[in-house]
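Participant: Pasting a structure below so you can have a look.
The values are calculated or read from the model by the stated rules, or taken from the named source; none is laboratory data. Remember, predicted model here, so these are calculated numbers, not experimental data. Here the Cβ is made from the backbone with ideal geometry for all residues, glycine too, and neighbour counts use every protein chain on show. In case anyone asks, the SASA skips ligands and DNA or RNA and just uses the protein heavy atoms, side chains included. Shrake-Rupley method; radii C 1.70, N 1.55, O 1.52, S 1.80 Å.
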Amino acid sequence: MIRHIVMFSCKDGIDRLTVQKGLSILTQIPHASKLEIALNEKVDQLGNVVDVVVYGEFADQAALDAYKADPLYQQSIDIVRPIREMRVAADYDTTHAATETLA
(Lines give C-alpha, C1' and ligand atoms only; values in the text may rest on other atoms or scores of the structure.)
Protein backbone atom coordinates (compact mmCIF):
# COMPACT_ATOMS: atom_id res chain seq x y z
CA MET A 1 0.00 0.00 0.00
CA ILE A 2 1.12 3.56 -0.74
CA ARG A 3 0.43 6.28 1.82
CA HIS A 4 0.14 9.80 0.40
CA ILE A 5 0.38 12.67 2.88
CA VAL A 6 0.31 16.32 1.86
CA MET A 7 0.43 19.29 4.24
CA PHE A 8 -0.57 22.85 3.39
CA SER A 9 -0.34 26.24 5.02
CA CYS A 10 -2.61 29.08 4.00
CA LYS A 11 -1.54 32.47 2.69
CA ASP A 12 -2.14 35.35 5.09
CA GLY A 13 -5.81 36.25 5.30
CA ILE A 14 -7.04 32.98 3.80
CA ASP A 15 -9.42 30.93 5.92
CA ARG A 16 -8.35 27.30 6.46
CA LEU A 17 -11.85 26.12 5.56
CA THR A 18 -11.45 27.67 2.11
CA VAL A 19 -8.37 25.52 1.47
CA GLN A 20 -10.07 22.44 2.92
CA LYS A 21 -13.08 23.02 0.65
CA GLY A 22 -10.84 23.27 -2.43
CA LEU A 23 -9.02 20.08 -1.46
CA SER A 24 -12.26 18.24 -0.69
CA ILE A 25 -12.81 17.95 -4.46
CA LEU A 26 -10.20 15.19 -4.27
CA THR A 27 -12.65 12.97 -2.37
CA GLN A 28 -14.61 12.53 -5.63
CA ILE A 29 -11.66 10.72 -7.25
CA PRO A 30 -12.28 6.96 -7.01
CA HIS A 31 -8.71 5.59 -6.89
CA ALA A 32 -7.99 5.91 -3.16
CA SER A 33 -9.02 3.21 -0.71
CA LYS A 34 -9.09 5.98 1.93
CA LEU A 35 -8.87 9.76 1.56
CA GLU A 36 -9.20 12.36 4.29
CA ILE A 37 -8.96 16.14 4.11
CA ALA A 38 -8.58 17.56 7.62
CA LEU A 39 -7.79 20.76 9.44
CA ASN A 40 -4.71 20.53 11.65
CA GLU A 41 -5.72 20.63 15.32
CA LYS A 42 -2.59 22.74 16.01
CA VAL A 43 -1.82 21.24 19.41
CA ASP A 44 1.83 20.31 18.83
CA GLN A 45 4.13 22.11 21.26
CA LEU A 46 6.99 22.45 18.73
CA GLY A 47 5.27 23.85 15.65
CA ASN A 48 1.93 24.42 14.01
CA VAL A 49 2.63 25.85 10.57
CA VAL A 50 0.47 23.22 8.86
CA ASP A 51 -3.15 24.28 8.36
CA VAL A 52 -4.66 21.46 6.27
CA VAL A 53 -3.65 17.82 5.75
CA VAL A 54 -4.51 15.40 2.95
CA TYR A 55 -4.12 11.74 3.92
CA GLY A 56 -4.63 9.02 1.33
CA GLU A 57 -4.14 5.28 1.06
CA PHE A 58 -3.71 3.64 -2.33
CA ALA A 59 -3.46 -0.04 -3.24
CA ASP A 60 -0.30 0.58 -5.28
CA GLN A 61 1.65 3.18 -7.25
CA ALA A 62 -0.63 2.71 -10.27
CA ALA A 63 -3.66 3.73 -8.17
CA LEU A 64 -1.83 6.83 -6.90
CA ASP A 65 -0.78 7.72 -10.45
CA ALA A 66 -4.39 7.33 -11.66
CA TYR A 67 -5.57 9.59 -8.81
CA LYS A 68 -3.09 12.29 -9.82
CA ALA A 69 -4.06 11.96 -13.50
CA ASP A 70 -7.78 12.51 -12.82
CA PRO A 71 -9.06 15.92 -14.07
CA LEU A 72 -10.49 16.63 -10.60
CA TYR A 73 -6.94 16.57 -9.21
CA GLN A 74 -5.99 19.46 -11.51
CA GLN A 75 -9.23 21.25 -10.66
CA SER A 76 -8.30 21.11 -6.97
CA ILE A 77 -4.78 22.37 -7.72
CA ASP A 78 -6.20 25.30 -9.70
CA ILE A 79 -8.31 26.35 -6.71
CA VAL A 80 -5.80 25.75 -3.91
CA ARG A 81 -2.44 26.78 -5.40
CA PRO A 82 -3.21 30.53 -5.42
CA ILE A 83 -4.36 30.51 -1.77
CA ARG A 84 -1.80 28.24 -0.16
CA GLU A 85 1.63 29.23 1.05
CA MET A 86 3.44 25.95 1.72
CA ARG A 87 2.88 22.48 0.30
CA VAL A 88 4.88 19.49 1.51
CA ALA A 89 4.15 15.99 0.23
CA ALA A 90 5.36 12.51 1.11
CA ASP A 91 4.52 9.16 -0.44
CA TYR A 92 5.77 5.88 0.93
CA ASP A 93 5.28 2.16 0.43
CA THR A 94 4.15 0.62 3.70
CA THR A 95 6.03 -2.60 2.95
CA HIS A 96 9.27 -0.64 3.40
CA ALA A 97 8.24 1.30 6.51
CA ALA A 98 9.95 0.60 9.84
CA THR A 99 7.43 -0.84 12.28
CA GLU A 100 9.92 -1.58 15.05
CA THR A 101 13.22 -0.22 16.31
CA LEU A 102 15.92 -0.51 13.67
CA ALA A 103 19.19 -2.13 14.72
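Participant: Among all the lysines, which ones have a C-alpha under 22 Å from Lys11's C-alpha, if same-chain residues fewer than 8 places away are not counted?
Facilitator: Excluding near neighbours in sequence, the set is Lys21, Lys42.
Participant: Which ³J(HN,Hα) values in Hz, rounded to whole numbers, follow from the phi angles of the range 16-23 under the Karplus curve 6.51 cos²θ - 1.76 cosθ + 1.60, where θ = phi - 60° and Gly and Pro get x?
Facilitator: So the Karplus estimates, Gly and Pro as x, are 4, 5, 5, 5, 4, 4, x, 6 Hz.
Participant: Right, next: Sum up the charges of everything whose Cβ sits under 9 Å from the Cβ of Cys10, counting Lys and Arg as +1 and Asp and Glu as -1, but leave Cys10 out. Numbers along the way, then the final one.
Facilitator: On the way: positive: Lys11, Arg16, Arg84; negative: Asp12, Asp15, Asp51, Glu85.
Net of charged neighbours comes to -1.
Participant: Separate question: Return the whole-Å distance between the Cα centroid of the range 10-74 and the Cα centroid of the range 76-103.
Facilitator: If you average the Cα positions of each part, the centres end up 10 Å apart.
Participant: Would you mind computing, in nm to one decimal, how far apart the modelled labels at Gln61 and Leu17 are, each placed 7 Å from Cα along Cα→Cβ?
Facilitator: So the label points at Gln61 and Leu17 sit 4.1 nm apart.
Participant: About the Cα centre of the chain, what is the dipole size in debye to 20, counting +1 per Lys and Arg Cβ and -1 per Asp and Glu Cβ, all else neutral?
Facilitator: Dipole of the chain, to the nearest 20 debye: 300 debye.
Participant: Another one. Choose one answer from Lys68, Lys42, Lys11: the residue with the largest mean-square fluctuation in a GNM of the chain with alpha-carbon springs under 10 Å.
Facilitator: Fluctuation is largest for Lys42.
Participant: Could I ask something else about it? Not counting ligands, DNA or RNA, and with a 1.4 Å probe, what is Asp93's accessible surface area in Å² rounded to the nearest 10?
Facilitator: In the full protein context, Asp93 sits at about 50 Å².
Participant: Between (1) 24, 20, 10; (2) 22, 17, 14; (3) 38, 18, 11, which matches semi-axes √(5λ) of the Cα gyration tensor in Å calculated for the structure shown?
Facilitator: This structure yields the entry labelled (1).
Participant: In addition: If I stretch the segment between His96 and Asp70 completely, what's the gain in nm (0.36 nm per residue apart, minus their alpha carbon distance), one decimal? Working shown, then result.
Facilitator: Numbers: separation 26, 0.36 × 26 = 9.36 nm, distance 2.70 nm.
Full extension of this stretch gives 6.7 nm more.
Participant: OK, next. Just by accessible area at a 1.4 angstrom probe, what is the order of Thr95, Thr101, Thr27 from largest to smallest? Intermediate results must be reported in sequence, preceding the final value.
Facilitator: Details: Thr95 105, Thr101 130, Thr27 80 Å².
Descending order: Thr101, Thr95, Thr27.
Participant: Just the accessible area for Arg16, please: 1.4 Å probe, Å², rounded to the nearest 10?
Facilitator: 70 Å²
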